[in-house]
1. Please work out which residue is farthest from the ligand (Cβ to nearest atom), limiting yourself to the range 2-20 and to residues that are in a strand (DSSP E or B) and under 30 Å from residue 84 (Cβ atoms).
2. Return yes or no: is residue 94 more than 21 Å from residue 171 (Cβ to Cβ) and out of contact with any strand residue (DSSP E or B) (no Cβ under 9 Å at 6 or more places or on another chain)?
3. If I ask for residues that are touching a helix residue (DSSP H, G or I) at 6+ places or on another chain (Cβ under 7 Å) and without any contact (Cβ under 8 Å) to a residue 60 or more places away in the chain, which ones from the range 64-100 would you list?
4. Search the range 296-313 for residues that are at positive phi and pair each with any residue that is surrounded by 14 or more Cβ atoms within 10 Å (Cβ to Cβ) when their beta-carbon atoms are under 8 Å apart and the residues are at least 6 apart or on different chains.
5. Is at least one residue of the range 156-174 under 25 Å from residue 275 (Cβ atoms), free of Cβ contacts under 8 Å to residues at least 12 places away in the same chain and within 16 Å of the ligand (Cβ to nearest atom)?
6. May I ask you to list the residues in the range 417-431 that are closer than 15 Å to residue 370 by Cα and either assigned to a strand (DSSP E or B) or within 16 Å of the ligand (Cβ to nearest atom) (or both)?
7. Considering only the range 385-416, state which residues are more than 16 Å from the ligand (Cβ to nearest atom) and surrounded by fewer than 21 Cβ atoms within 10 Å (Cβ to Cβ).
8. Residues that are more than 22 Å from residue 119 (Cβ to Cβ): find the helices (runs of 4 or more DSSP H) completely inside the range 192-287 holding 3 or more of those.
Ligand code: IFM
C-alpha cells in the first residue's frame, strides 16, 4: 500500500513530473527545430521513427492535465521549458508565443494551487545550436545563460523552484558516449567536453537566476546504483568506476568544485583546455538537490579501452524498460548525497516511477505493478526521512504516458493513460491509489 501523506514530515511535498518535448507537441506554437527532431528522422534511432510533434498535445490540453493534478491532491508540478520553443534558433530572436505559453502554464498551476517547479533544459537542444557543436562547444554556457534570462525574466517571479539542466549524465554520457540519445554521438572526447560544459552551463544559469533575484535554485541529477556483478576485485573496481562517472562526477563538481580522481584518470586527456578554471563557476551554491532514481545495474569488467566494463542482466523483477526494481538504491543515494555532498540542504526525489504494460480495458487501467513500485520507493523515502535525512519531497515520473525518447510512445510511465490516437486521458489505478494516499485524512 502507498504510504499516506500523514506518514511523512509535515512540510513534505508530493508532485508529478513531465518534460516539454515529451508531452507538449513540438509542432505547435512556432517552436524551432530540435536535435531530437533530427535524431528521430534518422533511420534506426527511434522506435518507428516517432518524434514529439504531437506527443500528448499538452500545448492545448494543459487545463485538463492540471485539473487532474489538482484533483489527485498534488502540491507541486515539475515541468520544463523548451529552449527551441522560446528561442527557435537557440540564440537571438525570442518566440513570444512560446513565452506566452509558459506564462499561461505557470498561472494555470497557481490557479489550481499547484506550486510550479521549473527545469530549463530537458534535452531538446535547438538544431541551430547542435549545428555549432551543441554541448561540445564551450559557448553553450553563454547561450544557456542568455536563454535562462529570457525565460526567467518572464516566469521567474512565480516559481517555487528552478533547476537548470535535467540529468547531466543523460545529456552527456548517454548521448555522446553511448549514442542512445540525440545527438547520437559515440566519442570519448565529445563526452568529456559535454560533461564539463554541462556543469559550466549549470553554473552560469544559476548565476543568471541569482542576478534576477530568483531563489530556491537546485541541481537535478539521475543516479543508478552500481553493484559488482560478482565478488571479484575486478568487478568491484568496474562498479566503482560506473558509480564515478554516473553518480559522483556531477555532484562532486557542483558541491565540491572538483571531479572524482578515478573518473579523471580516463577523461583528463579529453577535457577542454583550462577546465580547472571553470570549477568555481560550476560549484555555484545551490539551495537544494534533486535525485532522479529508477534502478540499479550489475557491472562486470570487459576487455577494451577505458572504462572497460559492461552491464550484466540482474536477477530482480524488472519493469517494461528491463530495469530491475531496487528501492534500496534510492535509500542509498538519499543518505550518501546528504552525507557526502549536500549536507543539510533539502533533497527532493525529482523523478521516480516505472514503465508498465498498462492496457486500457473497459475504460480502466489496472497498473497494480506501478502501485507496488511506488509503495516500495515511497517506503524507502519515508524510512530515510524518519532517520533525519533532509528529504523534502517526491515527484512521480510521470503525470502522463508520453514520448519515451528513443523508445517512442511504447513505454508507458504515466499515472494517467494517454491514447495516442485520440489523446484521451484515463487516470490509471495508480493515480487513484496515490490520490487516496495524499488526500485521506487518517
Ligand atoms: O522519460 C525519462 C525522462 O525524460 C528523464 N528521466 C527518466 C525518464 C524515464 O526514462
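1. 13
2. Details: more than 21 Å from residue 171 (Cβ to Cβ): yes; out of contact with any strand residue (DSSP E or B) (no Cβ under 9 Å at 6 or more places or on another chain): yes.
It is true that residue 94 is more than 21 Å from residue 171 (Cβ to Cβ) and out of contact with any strand residue (DSSP E or B) (no Cβ under 9 Å at 6 or more places or on another chain).
3. Correct list: 66, 89, 90, 91, 94, 99.
4. 308/238; 308/301
5. Taking the range 156-174 as the starting set, the residues that turn out to be under 25 Å from residue 275 (Cβ atoms) are 163-174.
Restricting the remaining residues to those that are free of Cβ contacts under 8 Å to residues at least 12 places away in the same chain gives 174.
Then drop every residue that is not within 16 Å of the ligand (Cβ to nearest atom), which leaves 174.
Yes: one or more hits.
6. Taking the range 417-431 first, the residues closer than 15 Å to residue 370 by Cα are 417, 427-431.
Correct list: 417, 427, 430.
7. First, the residues of the range 385-416 that are more than 16 Å from the ligand (Cβ to nearest atom): 385-393.
Scanning the range 385-416 gives 385, 386, 387, 388, 389, 390, 392.
8. 233-243, 261-267
The values are calculated or read from the model by the stated rules, or taken from the named source; none is laboratory data. This structure is a prediction, so every number in the text was calculated from the model and none was measured. Methodologically, a virtual Cβ is constructed for each residue, glycine included, from the backbone with ideal geometry; neighbour enumeration extends over all protein chains shown.
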